[in-house]
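**Student:** I have a structure I would like to understand better, so I am pasting it below and will then ask my questions one at a time.
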Amino acid sequence: KIASFMKNRIAFLLAALFLMLAKPAFSQDNLCESGFMPFKEGTYFELTHYDKKGKPASISKEKITGIEEIDGGFKATVDLETTDEKGKTLTKGSFGMECKNGTIYMDMSSLMNPQSMAGMKDMEMEVSGSALEIPRDLEPGSSLPDGTMTMKASTGGMTLMTLNFNVTNRKVEGRESVTTPSGTYDCIKVTSDTEMKAIIKKKFKTATWFSKGFGMVKTENYDDKGNVESSSMLTKFEQ
């Protein structure tokens with residue numbers, strides 16, 4: 001009886017230890033999936049990019065192909081194919097998203113204009129900088145951390161261009177309902193100042209609407225007069 005009791009006791013303790021170890025990962029995974037970017041393997045979505053006249057210019061086709069556990073959270077690998085409005089492939093590649101304690105950290109290269117990236121598809125790219133943070137709870141009136149990126153394009157070991165990309169003055173403006181060809185979404189609107197510097201420097205203002213579990217539903221870039229210079233919209237979502 002004592003031996004049987006000890007076996008049952010050990011089995012109970014091992015089960016309890018397993019649950020203690022498993023619980024943080026399960027909880028973290030739930031926080032990631034309910035954040036402001038989709039964080040579930042197999043999720044597929046399309047963002048259509050428009051020019052200043054509102055005409056389709058390109059389409060970003062993105063699919064989360066894998067999620068792995070990393071120190072303090074999880075990392076998602078996103079395959080990306082960009083096509084022109086007629087379906088011709090402009091670029092192909094992948095980028096990463098990390099999630100720690102419910103906050104998403106986005107690779108800033110994923111925010112670059114697909115048409116400008118198409119001109120560098122045959123070059124060697126070296127990217128450095130900080131990820132763009134998207135907390136799980138975006139409260140109207142709050143401010144978000146800046147994001148920076150430096151991208152060096154080279155060929156044969158020779159640097160041809162260095163691009164600096166800075167996103168600053170990020171503010172949570174409020175809640176809005178946004179309708180796109182893929183549906184109607186409850187969103188949080190975030191505004192920011194964006195600066196791109198290569199041969200010349202360009203500044204513009206950006207507004208992005210995020211929806212929990214769906215990610216970026218709509219983005220608008222404005223010139224210094226407040227006119228829409230370009231925009232993007234979530235036009236397809238599958239999970």
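The values are calculated or read from the model by the stated rules, or taken from the named source; none is laboratory data. Keep in mind it's a predicted model, so treat the numbers as computed, not measured. Note: ideal-geometry Cβ built from the backbone for every residue, glycine included; neighbour counts use all protein chains shown. For accessibility, only protein heavy atoms count, side chains too; no ligands or nucleic acids. Shrake-Rupley method; radii C 1.70, N 1.55, O 1.52, S 1.80 Å.
**Student:** Could you please tell me which pairs satisfy a Cβ distance under 6 Å, a separation of 6+ or placement on different chains, a first residue in segment 177-194 that is in a loop (DSSP other than H, G, I, E, B), and a second residue that is aliphatic (A, V, I, L, M)?
**Tutor:** Within 6 Å, the pairs are 182/234.
**Student:** Across segment 203-213, what is the number of residues that are without any contact (Cβ under 8 Å) to a residue 24 or more places away in the chain and either in contact with a Pro (Cβ under 8 Å, 6 or more places away or on another chain) or open to solvent by less than 60 Å² (accessible area, probe 1.4 Å) (or both)?
**Tutor:** The first filter runs over segment 203-213 and keeps only residues without any contact (Cβ under 8 Å) to a residue 24 or more places away in the chain, leaving 203, 205, 208.
Those still in the list that are either in contact with a Pro (Cβ under 8 Å, 6 or more places away or on another chain) or open to solvent by less than 60 Å² (accessible area, probe 1.4 Å) (or both) too: 208.
The qualifying residues number 1.
**Student:** Here is a check on your reading of the model: is residue 195 touching a Phe, Trp or Tyr at 6+ places or on another chain (Cβ under 7 Å) and surrounded by 14 or more Cβ atoms within 10 Å (Cβ to Cβ)? Don't jump to the end; show me each part of the working.
**Tutor:** Numbers: touching a Phe, Trp or Tyr at 6+ places or on another chain (Cβ under 7 Å): no; surrounded by 14 or more Cβ atoms within 10 Å (Cβ to Cβ): yes.
Answer is no for this residue.
**Student:** I need the full set of residues from segment 138-170 which are open to solvent by 60 Å² or more (accessible area, probe 1.4 Å), farther than 17 Å from residue 206 by Cβ and not small (Gly, Ala, Ser), in order please.
**Tutor:** Selection gives 139, 140, 152, 155, 158, 159, 160.
**Student:** How do the pairs read when you match residues in segment 136-152 that are closer than 22 Å to residue 163 by Cβ with residues anywhere that are open to solvent by 40 Å² or more (accessible area, probe 1.4 Å) and charged (D, E, K, R), using Cβ under 9 Å and keeping only pairs 6 or more apart or on different chains?
**Tutor:** 145/133; 147/133; 149/107; 150/126; 151/126; 152/124; 152/126
**Student:** Taking segment 27-58 on its own, how many of its residues are more than 28 Å from residue 220 (Cβ to Cβ) and either open to solvent by 60 Å² or more (accessible area, probe 1.4 Å) or assigned to a helix (DSSP H, G or I) (or both)? If you could, list the steps in order and put the result at the bottom.
**Tutor:** Of segment 27-58, the ones more than 28 Å from residue 220 (Cβ to Cβ) are 27-31, 41-42.
Now narrow it down to the ones that are either open to solvent by 60 Å² or more (accessible area, probe 1.4 Å) or assigned to a helix (DSSP H, G or I) (or both): 27-31, 41.
Going through segment 27-58 one residue at a time, the tally reaches 6.
**Student:** Taking the residues in segment 59-91 that are exposed (fewer than 14 other Cβ atoms within 10 Å of the Cβ) and of a type in the set (Asp, Glu) as candidates, determine which candidate is nearest to residue 40 (Cα to Cα).
**Tutor:** Looking at residues that are exposed (fewer than 14 other Cβ atoms within 10 Å of the Cβ) and of a type in the set (Asp, Glu), I get 68.
**Student:** Output the residues belonging to segment 214-238 that are of a type in the set (S, T, N, Q), surrounded by fewer than 22 Cβ atoms within 10 Å (Cβ to Cβ) and either out of contact with any Pro (no Cβ under 7 Å at 6 or more places or on another chain) or more than 19 Å from residue 179 (Cβ to Cβ) (or both). Steps first, answer last, please.
**Tutor:** Initially, segment 214-238 is screened for residues of a type in the set (S, T, N, Q), giving 219, 221, 227, 230-232, 235.
Applying the additional criterion that residues be surrounded by fewer than 22 Cβ atoms within 10 Å (Cβ to Cβ) yields 219, 221, 227, 230-231, 235.
Scanning segment 214-238 gives 219, 221, 227, 230, 231.
**Student:** Related question: Pairs only if they're at least six apart or on different chains, beta carbon under 8 angstrom, first in segment 214-239 and more than 16 Å from residue 55 (Cα to Cα), second buried (at least 19 other Cβ atoms within 10 Å of the Cβ) and of a type in the set (A, V, I, L, M); list them, first residue then second.
**Tutor:** 214/234; 215/37; 215/234; 216/37; 216/47; 216/234; 217/233; 217/234
**Student:** Do the conditions hold for residue 168, that is, is it at pLDDT 90 or above and in contact with a strand residue (DSSP E or B) (Cβ under 8 Å, 6 or more places away or on another chain)? It would help to see each step written out before you state the result.
**Tutor:** Working: at pLDDT 90 or above: yes; in contact with a strand residue (DSSP E or B) (Cβ under 8 Å, 6 or more places away or on another chain): yes.
Yes: the conditions hold for residue 168.
**Student:** Determine whether residue 98 is in contact with a Leu (Cβ under 7 Å, 6 or more places away or on another chain) and at pLDDT 80 or above. Break it down stepwise before answering.
**Tutor:** Working: in contact with a Leu (Cβ under 7 Å, 6 or more places away or on another chain): no; at pLDDT 80 or above: yes.
No: the conditions fail for residue 98.
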